[in-house]
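Here the structure is laid out as structure tokens; the discussion comes afterwards.
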Amino acid sequence: MLPQPSLLGWLPVWQRNFLVWRKLALPSILGNLADPLIYMLGLGYGLGAMLPSIEGQPYVAFLAAGTVCASTMNAATFEALYSAFSRMHVQKTWEAILNTPLGLGDVVAGELFWAATKSLFSGAAILVVITGMGLTNGPLALWALPAIVLTGLAFAALGLIWNALAPSYDFFMYYFTLFITPMTLISGVFFPTDQLPGWLALIGGWLPLAQGVALVRPLLAGQVPADALIHIMALLATAAVAFAIALHLTRRRLLK
Amino acid sequence: MAALTASELRKTYAGNEVVAGLSFAVEAGTCFGLLGPNGAGKTTTLRLCLGLTGPDSGEIVLNGHAIPDDAQAARARIGVVPQFDNLDPDFTCAENLLVFGRYFGLKDAEIRAKIPQLLDFAGLSSKAGARLSTLSGGMKRRLTLARAMVNDPDIIFLDEPTTGLDPQARHLIWDRLKQLKSAGKTLILTTHFMDEAERLCDTLIVIDHGRKIAEGSPRQLIAEQIEPQVIEVYDEYHGQLDNFVKNEKHLAERVETSGETAFFYCRDPRQLLARLAEVDGLRYVHRASNLEDVFIKLTGRELRD
């Protein structure tokens, strides 16, 4: 028996999700990989052919770094919204778990770490492909992996807040149209933020996706990111605060 | 030692007192029934006892642990069969048990060693590798029961364990529950089926509007609350019944009419049976009174949905 509550109480919840994923791993990876790569190749080479180099690198390499971060964000978000909601609301998997010695904190933490794991699979798969295409520069690119994990944690935690509030799947559309999509456009994924009006660039710079991009892009180009510690702390703080809010809201929803 | 004691529990949702000063105790090794119409507060009471929500006031001690403060530790020795199936649809039967056992901190090897025995208990030995979607409702319920046994619990909570099952499946579940009781487990059961409660429960309480309105063994309740014999009289044609009730109600201690049926509750039915033999157009059933009669007497005949 684990001493309860335990620091590792989230692990069996994570393992449960991993076991489901393992049964469908190959289609899942291919599905997660295909869409962002098509965009990256289409825009990177199509649009890139018309563009001068950006920040000293070809547009496709610039976009590749943004794609790693955006895919990481999307993978974590989808898992924390649609998949977690299925387990919480439709399959009542969380309810079953709450009848065991595990607490809601274990369940939500298990979902957080699982969504971050899924985002790592996704980000890492793209990293492998773009490295194979010669779009990364040197071993420093490996440090993008922990940056992907941090980005994934932040977006998993943010997604879990919305999950706790959602009456149905339809509700998630708002999260994408109001938050994820605009953020993708002002966080330097597709173009440098200095193209934006100053105030918008300022807002964009504070958003968690921009923090991830600020870490990943220099690493892939073979440089140490400027202000790395600030970006790391910003992502960690986002993850921690959002997790606390998500847990509080989920408790209000399920254990009232 | 009592397996579970609840004292003066109260819980209010949106100004509506769902549990209103409920107290009861469950002896270890017995089967305890929590009966009541829909909306009486049964499910909330179970959730309170498991520490899934806190009472507004009152105290709960489950298996020696104060609830809700120490609920996670208490649940290590508890099994739960919920009202609605929440098995994992993506897994096989064996995987469901494995994954659930991990939630109790059990090692994979420990759980794997138990799986054949658990599947055997559920009558699912041949289904270890079967996907959930291939199981019938009865099989799923048995798997849920096996899942609740994965931690070898002292106390098992069962929330309407046979609702929606066919008679064969119900009898199999009852048989398993009796086995568990013989093995010394404490069972805490909610049900709408009075025959189920009568068969399984050593003691039970009937609750309504969050309050306890009766308590005792099924036999005790039948003896105390109600006349021992019932004659149900049905109108075959029209118009006979009302007259019959009016003329003969003095032959029974109590008469209730519901639609086309009259229920005569009596101690000595001989005179009434003799009268019925003389009347044309009325059909009747003579039976011993049961827990359902008690339940209806206590909670009324109106629908609660």
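Where a number appears in this text, it was derived from the coordinates with a stated rule and is not lab data. Keep in mind the model is a prediction, meaning the values are calculated, not measured. Here Cβ is always computed from backbone atoms with ideal geometry, including for glycine, and neighbour counts include all displayed protein chains.
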Neighbourhood charge, 11 Å Cβ-Cβ cut-off, centred on B:Lys178 and excluding it, Lys, Arg +1 and Asp, Glu -1 = +3
Cα-centre dipole for the protein assembly as shown with unit charges at Cβ (Lys and Arg positive, Asp and Glu negative), debye to 20 = 1140
Can you work out D for chain B in µm² s⁻¹ from Stokes-Einstein, where Rh is the Kirkwood radius over C-alpha pairs, the temperature is 37 °C and the viscosity is 0.692 mPa s?
-> 153
Per residue of B:39-51, how many C-beta atoms from partner chains lie within 10 Å of its own C-beta, taken as a mean?
-> 1
Charges only on Cβ, +1 for Lys and Arg, -1 for Asp and Glu: so what's the dipole of chain B about the Cα centre, in debye to the nearest 20?
-> 880
Add -39500 (n - 2.57) for each DSSP H run of 4 or more in the protein assembly as shown, then divide by its residues: what number comes out at 222 nm, to the nearest 500 deg cm²/dmol?
-> -15500 deg cm²/dmol
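Considering every residue in B:142-154, what mean count of other chain Cβ atoms within 10 Å of its Cβ is obtained? Before the final figure, lay out the partial values.
Numbers: counts 0, 0, 1, 0, 0, 2, 1, 0, 1, 3, 0, 0, 0.
If you average over the peptide's residues, the count of other-chain Cβ atoms is 1.
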Can you list which of the chymotrypsin sites (Phe, Trp or Tyr not before Pro) found in the range B:68-171 are DSSP loop residues with at most 14 other C-beta atoms within 10 Å?
-> B:Phe84
When the distances between all Cα atoms of the range A:129-235 are binned every 5 Å from zero, what whole-number percent does each bin get?
-> 2, 12, 18, 21, 19, 14, 8, 4, 1, 0
Mind listing the phi-derived Karplus ³J(HN,Hα) values for the range A:162-173, rounded to whole Hz, using 6.51, -1.76 and 1.60 with θ = phi - 60°, and x for any glycine or proline?
-> 5, 4, 5, 9, 6, x, 7, 4, 4, 4, 6, 4
Given pairs A:Lys256/B:Lys297; A:Lys23/A:Lys256; A:Lys23/A:Lys92; B:Lys140/B:Lys297; A:Lys92/B:Lys114; B:Lys11/B:Lys181 and cut-off 28 Å on Cα-Cα distance, the over-length ones are A:Lys256/B:Lys297; A:Lys23/A:Lys256; B:Lys140/B:Lys297; B:Lys11/B:Lys181
Value of relative contact order over chain B, rounded to a whole percent, pairs C-alpha under 8 Å and six or more apart | 20
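With the alpha-carbon atoms as the only input, what is the per residue convex hull volume for the range A:112-165 in Å³? Please list the in-between numbers first.
Details: hull volume 3.5 nm³, N = 54.
Spread over its residues, the Cα hull of the range A:112-165 gives 64 Å³ apiece.
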Positive-end residue, the protein assembly as shown charge dipole about Cα centroid, Cβ charges, pick of B:Phe295, B:Cys266, A:Trp14 | A:Trp14
Under a point-charge model restricted to the Cβ atoms of Lys and Arg (+1) and Asp and Glu (-1), what is the dipole moment magnitude of chain A relative to its Cα centre, in debye to the nearest 20?
-> 720
Name the residue farthest towards the positive end of the dipole of the range B:156-305 from the options B:Thr162, B:Asn243, B:Gln220, assuming +1 on Cβ of Lys and Arg, -1 on Cβ of Asp and Glu, about the Cα centre.
-> B:Gln220
Long-range amide H contacts for B:Asp208: which residues qualify at under 5 Å (H placed 1.01 Å from N, peptide plane, sequence gap of 5 or more or a different chain)?
-> B:Ile213
Which far-off residues, 5 or more places away or on another chain, put their amide H under 5 Å from the one on B:Thr30, with H placed in the peptide plane?
-> B:Leu187
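Give a quick list of GluC sites (Glu not before Pro) in the range A:50-109 that DSSP marks as loop, anything other than H, G, I, E or B, with at most 16 other Cβ atoms within 10 Å.
Working: sites: A:Glu55, A:Glu79, A:Glu95; in loops: A:Glu55.
Within the range A:50-109, the qualifying GluC sites (Glu not before Pro) (loop, at most 16 other Cβ atoms within 10 Å) are A:Glu55.
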Starting from the Cα of B:Lys185, draw a straight line to each of the aspartates and glutamates and keep only those under 15 Å, dropping any in the same chain fewer than 8 residues away.
-> B:Glu27, B:Asp152, B:Asp154, B:Asp175, B:Asp202
Net charge over other residues, Cβ less than 15 angstrom from the Cβ of B:Asp202 (K, R count +1; D, E count -1) = +1
Distant-in-sequence amide H partners of B:Leu4 (H built 1.01 Å from N, under 5 Å) | B:Val26, B:Asn63
Loop only per DSSP, at most 11 neighbouring Cβ atoms within 10 Å: give me the chymotrypsin sites (Phe, Trp or Tyr not before Pro) in the range A:1-96, ordered by residue number.
-> none
Percent of Cα-Cα pairs per 20 Å bin, from 0 to the last occupied bin, for the protein assembly as shown, please list those.
-> 18, 39, 26, 12, 4, 0
Taking only the alpha-carbon positions of the range B:1-139 as identical scatterers, the Debye log10 I(q)/I(0) at q = 0.10, 0.18, 0.22 Å⁻¹ comes out as -0.45, -1.08, -1.25
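Averaging sequence separations of C-alpha pairs under 8 Å and six or more residues apart, then dividing by the length of the range B:167-271, give the relative contact order as a whole percent. Present the calculation step by step, with values, prior to reporting the outcome.
On the way: 104 pairs, mean separation 19.1, N = 105.
18 percent.
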Give me the orientation-averaged projected area of the Cα convex hull of the range A:214-256, in nm², one decimal.
-> 3.5
Taking the Cα centre of the range A:136-256 as the origin and placing charges on Cβ (Lys, Arg +1; Asp, Glu -1), which of A:Leu158, A:Pro197, A:Ile186 is farthest toward the positive end of the dipole?
-> A:Leu158
Counting only other chains, what is the mean number of Cβ atoms within 10 angstrom of the Cβ of each residue in peptide B:97-110?
-> 5
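Relative contact order (percent) for the range A:1-102, with alpha-carbon contacts under 8 angstrom and 6 or more residues of separation? Mind dumping the intermediate values first?
Working: 38 pairs, mean separation 26.8, N = 102.
That works out to 26 percent.
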In the neighbourhood of A:Ala75 defined by beta carbon distances under 12 Å, the net charge of the other residues (Lys, Arg +1; Asp, Glu -1) is -1
Obtain the radius of gyration and the Kirkwood radius of the range B:191-305 from its C-alpha atoms and give Rg over Rh.
-> 1.01
P(r) for the range B:227-281: what percent of alpha-carbon pairs falls in each 5 Å bin, starting at zero?
-> 4, 22, 36, 27, 10, 2
